[in-house]
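Report on the structure given below.
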Amino acid sequence: MPQTIAVLDFGSQYTQVIARRIRECQVYSKIYHYTTSAEELKKDDVIGIILSGGPSSVFAKNAPIPDAKLFELGVPVLGICYGIQLMGRLLGGEVAKSTHREYGNGTLAIAKPGRLFAKLPRKLRVWNSHGDKLTAMPPGFTAIGTTDNSPFAVIEDRKRNFYGIQFHPEVFHTERGVEVIRNFLLNVCGAQQDWTTKDYIKHAVADIKARVGKSRVILGLSGGVDSSVAAALIHKAIGKQLTCVFVDNGLLRAGEREAVEKLYGDHFHIDLRVVDASKLFLRRMKGVDEPEQKRKIIGRTFVEVFEQSLKSIGHADYLAQGTLYPDVIESVAIGNNPAALIKSHHNVGGLPERMKLKLLEPLRELFKDEVRAVGAALGLPREVVWRQPFPGPGLGVRVLGEITKEKLEVLRQADSILVEEMKKTGWYWKVWQSFCVFLPVKSVGVIGDERNYSWVIAVRVVESIDAMTADWTRLPYDLIQHISNRITNEVQAVSRVVYDVSSKPPATIEWE
Ligand code: XMP
């Protein structure tokens, strides 16, 4: 085990973000349940401890309280938010119960930079989210930072290397927060920056091996970044014990199935089972034109086909999924967050329980950019690692209205022209998504002297950070013209191309 920064989890929604920031600083960290004893931490070569925030109040009846002996280990401790209140409580300070939460931006004034704020400005915009508040410091501490609402926003005990901060340095809204964390790791704990993606992979591989043993693992491969990286990682760990299932639902883009077969079958030599269920999907979609119904049928059929394929593969113990940390948050998100819905398709809902499969989710703690780095280090090509998102229901939601084989073919041809041009000009890698949509309307055109009455293709190109909001991309007019020319010239059944200039909101990225 490398030298470890222990992150003690008190139930904060940001615990994984703290771990992520530590990885960003190339330092190894491990998240521990708050009840972990000081004795156990000692065994793990812990060189520093971070107490996470948490939703609880230190005054609550069942407030999570750690082993107080961790303050006797002789290693630096950083308490964040709930963590500082715990320090106040356990080390002899005073904490006041607050009737309202302080939530949002504040300005931190640093009185004494010390090691924690070395090379940082004296004023920083910080993000607060706390109820209780420290009103008297424990003995040995001095206040080195204040906000309008708190004279003890940052406290320090130089002798014992204990630090408490009221705000959240790990969140994006805190200015230069990562540097505060880095200062704690490097200046206070003396951590080495030697934790790289390669180390992460080595660690993950050992972990998967230990968990899985001799069992068999099944993974539903979609060709997307997450399931691809999960497949490559698990395959590195257990080789032929992994079987990947790729369902051809007839709603894939041109060349997609072949690319998956080539990469995973020929290149990685993964035991890949391609299930051609395109006829079944198309049959079920016949006469259906309502978007939600289409999605439901596609989702249901997928689960059915997947389940059937598992039966033919034989006994397996684990179902692997490329779940990322943001999916974990989204799946508990409340309200009409579309991202939460997305996963209900991908998660092959209820399957693990029905089939008595255990879940294997090796990317569960990672964020998308980290998954991409892992993918690249595992040798996955740029085409996969930087692939644009593609919806689970595939072209099924890009042929508006009723889906037919002919319409799908027209869309595939137009879409592959778009993708080719976007890649050739480098725009493909700069935007969030770029795709064609088949509009079920006919429009009049002219080819030579002939009247041409055919279909309309919409081109949708958007920029986004997280798909929650999006703006249409201002592609150069010449490029739009070139794409339009090629589509109308090369795809006979298309007489007109339109460019979508709607942002999200009010429009969504997909048309259905
Ligand atoms: P919308 O259209 O809601 O899409 O703005 C937001 C993002 O989600 C993708 N998307 C889906 N992904 N299953 C998926 O896996 C789905 O049913 C689905 N619907 C939309 C969409 O491509 C965009 O990136």
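Can you tell me which residues in segment 112-125 are at pLDDT 95 or above and either among the acidic types (Asp, Glu) or open to solvent by 40 Å² or more (accessible area, probe 1.4 Å) (or both)?
Listed by number, the residues that qualify are ARG115, LYS119, PRO121, ARG122, LYS123, ARG125.
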Kindly indicate whether any position in segment 144-160 is modelled with pLDDT under 95 and in a loop (DSSP other than H, G, I, E, B). yes
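A quick yes/no check of all residues on (1) open to solvent by 60 Å² or more (accessible area, probe 1.4 Å); (2) within 35 Å of the chain's Cα centre (by Cα):
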position: THR135; (1), (2): yes, no
position: PRO139; (1), (2): yes, no
position: THR142; (1), (2): yes, no
position: THR146; (1), (2): no, yes
position: ASN149; (1), (2): yes, yes
position: LYS159; (1), (2): yes, no
position: GLY164; (1), (2): no, yes
position: PHE167; (1), (2): no, yes
position: HIS173; (1), (2): yes, yes
Tally time: how many residues in segment 266-306 are within 16 Å of the ligand (Cβ to nearest atom), open to solvent by 40 Å² or more (accessible area, probe 1.4 Å) and in a loop (DSSP other than H, G, I, E, B)? 1
Considering only residues that are outside any helix (DSSP H, G or I), away from the ligand (no atom under 14 Å from the Cβ) and surrounded by 15 or more Cβ atoms within 10 Å (Cβ to Cβ), which ones fall in segment 209-220? ARG216, VAL217, ILE218, LEU219
Go through the residues of segment 60-70 one by one and say whether even a single one is under 23 Å from GLN192 (Cα atoms) and modelled with pLDDT of 95 or more. yes
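Table: residues versus (1) assigned to a helix (DSSP H, G or I); (2) of a type in the set (A, V, I, L, M, F, W, C); (3) at negative phi.
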position	(1), (2), (3)
GLU402	no, no, yes
VAL410	yes, yes, yes
PHE438	no, yes, yes
VAL444	no, yes, yes
GLN492	no, no, yes
ARG496	no, no, yes
SER502	no, no, yes
Testing TRP455 on (1) within 12 Å of the ligand (Cβ to nearest atom); (2) touching a helix residue (DSSP H, G or I) at 6+ places or on another chain (Cβ under 9 Å), one condition comes back false. Which one is that? (1)
Residue hits (segment 495-506; under 37 Å from the mean Cα position of the chain (by Cα) and not basic (Lys, Arg)) are VAL497, VAL498, TYR499, ASP500, VAL501, SER502, SER503, PRO505, PRO506
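Can you find, within segment 368-386, the residue that is farthest from the ligand (Cβ to nearest atom) among those that are among the hydrophobic types (A, V, I, L, M, F, W, C) and more than 20 Å from LEU252 (Cα to Cα)?
Step by step, filter segment 368-386, then rank; the result is ALA377.
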Taking the residues in segment 315-366 that are open to solvent by less than 30 Å² (accessible area, probe 1.4 Å) and of a type in the set (Val, Ile, Thr) as candidates, determine which candidate is modelled with the lowest pLDDT. VAL348
Tell me whether segment 434-452 contains one or more residues that are within 16 Å of the ligand (Cβ to nearest atom), exposed (fewer than 14 other Cβ atoms within 10 Å of the Cβ), closer than 20 Å to VAL397 by Cα and not acidic (Asp, Glu). no
Give segment 221-265 a look and list any residue that's closer than 23 Å to MET285 by Cα and in a strand (DSSP E or B), or say none. VAL245, PHE246, VAL247, ASP248
Among the listed residues ARG257, ARG284, identify the single one that is within 24 Å of CYS436 (Cα to Cα), over 27 Å from the mean Cα position of the chain (by Cα) and touching a residue at least 12 places away in the same chain (Cβ under 8 Å). ARG284
Looking only at segment 387-427, which residues are surrounded by fewer than 19 Cβ atoms within 10 Å (Cβ to Cβ), within 15 Å of the ligand (Cβ to nearest atom) and β-branched (Val, Ile, Thr)? VAL419
Scan segment 468-506 for residues that are open to solvent by 30 Å² or more (accessible area, probe 1.4 Å) and within 15 Å of the ligand (Cβ to nearest atom) and report the count. 9
Counting only residues that are open to solvent by 40 Å² or more (accessible area, probe 1.4 Å) and aliphatic (A, V, I, L, M), give me the helices (runs of 4 or more DSSP H) lying completely in segment 1-94 with at least 1 of them. 82-91
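The values are calculated or read from the model by the stated rules, or taken from the named source; none is laboratory data. No experiment lies behind these values; they were computed from the predicted model shown. Every residue, glycine among them, receives a Cβ derived from its backbone with ideal geometry; neighbour counts consider all protein chains shown. Side chains included, ligands, DNA and RNA excluded: accessible areas come from the protein's heavy atoms. Shrake-Rupley method; radii C 1.70, N 1.55, O 1.52, S 1.80 Å.
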